[in-house]
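**Student:** Handing you a structure now.
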Amino acid sequence: MLTVGVDPGVDGAAVALRWDGPFAVPVHVARFANHYHPRPRARAHERQAEMVRAVADVFRAVRATLGEIPGPRIVAVEAAAGRPGQAQIAQGANAGIAAAFAFGLDADRYEVIDPAAWTRHLGLHGEPGARKTTLTALRLSWLRSRHPRVADFVGDHDGLIDAACIALYAREMPV
């Protein structure tokens, strides 16, 4: 089984995991920020080509290993949430790009998931009004305790942590 999680935010990421029984083995990760260097006040559409490259890197790496990974392929993309101060256009565009790549991968299942669904299911929603740094620490701690190989692979970047959690959730998503 292969699961791919995509956090489509401006500082988002994509993570692909291969499953050996109950254990997740990282296949590839890409941070959008590694592919572009935003200028102050750069518009979302000016960064889009670089974000496409980041998502394409993950799906290209996954495609190269498909013969080695038996079982279904599931791609889960976090729905763009309209939070103040974030680029909703970029989030929506990144989600659309991930969908296109998912179909190019011949994914058996493609899901757009609500952020509250995966955080609640994994017990990672935190307290109401919790700061992003607090949530990131909670999610990284959870990853380290349950999937240390994945935690080591993604490091402490919040987009990678969220994308990894989304990929983990994809395996347990209700049908």
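The values are calculated or read from the model by the stated rules, or taken from the named source; none is laboratory data. None of these values were measured; they are calculated from a predicted model. Cβ atoms come from the backbone with ideal geometry, glycine included; neighbour counts cover every protein chain shown. Only protein heavy atoms, including side chains, enter the accessible area calculation; ligands, DNA and RNA are left aside. Shrake-Rupley method; radii C 1.70, N 1.55, O 1.52, S 1.80 Å.
**Student:** Looking only at residues in the range 147-175 that are touching a helix residue (DSSP H, G or I) at 6+ places or on another chain (Cβ under 9 Å), assigned to a helix (DSSP H, G or I) and open to solvent by 90 Å² or more (accessible area, probe 1.4 Å), which one is farthest from G12 (Cα to Cα)?
**Tutor:** E172
Okay, residues lined up against (1) assigned to a strand (DSSP E or B); (2) surrounded by 12 or more Cβ atoms within 10 Å (Cβ to Cβ):
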residue: F101; (1), (2): no, yes
residue: Y110; (1), (2): yes, yes
residue: W118; (1), (2): no, yes
residue: H121; (1), (2): no, yes
residue: H125; (1), (2): no, yes
residue: P128; (1), (2): no, no
residue: T133; (1), (2): no, no
residue: T136; (1), (2): no, yes
residue: S141; (1), (2): no, yes
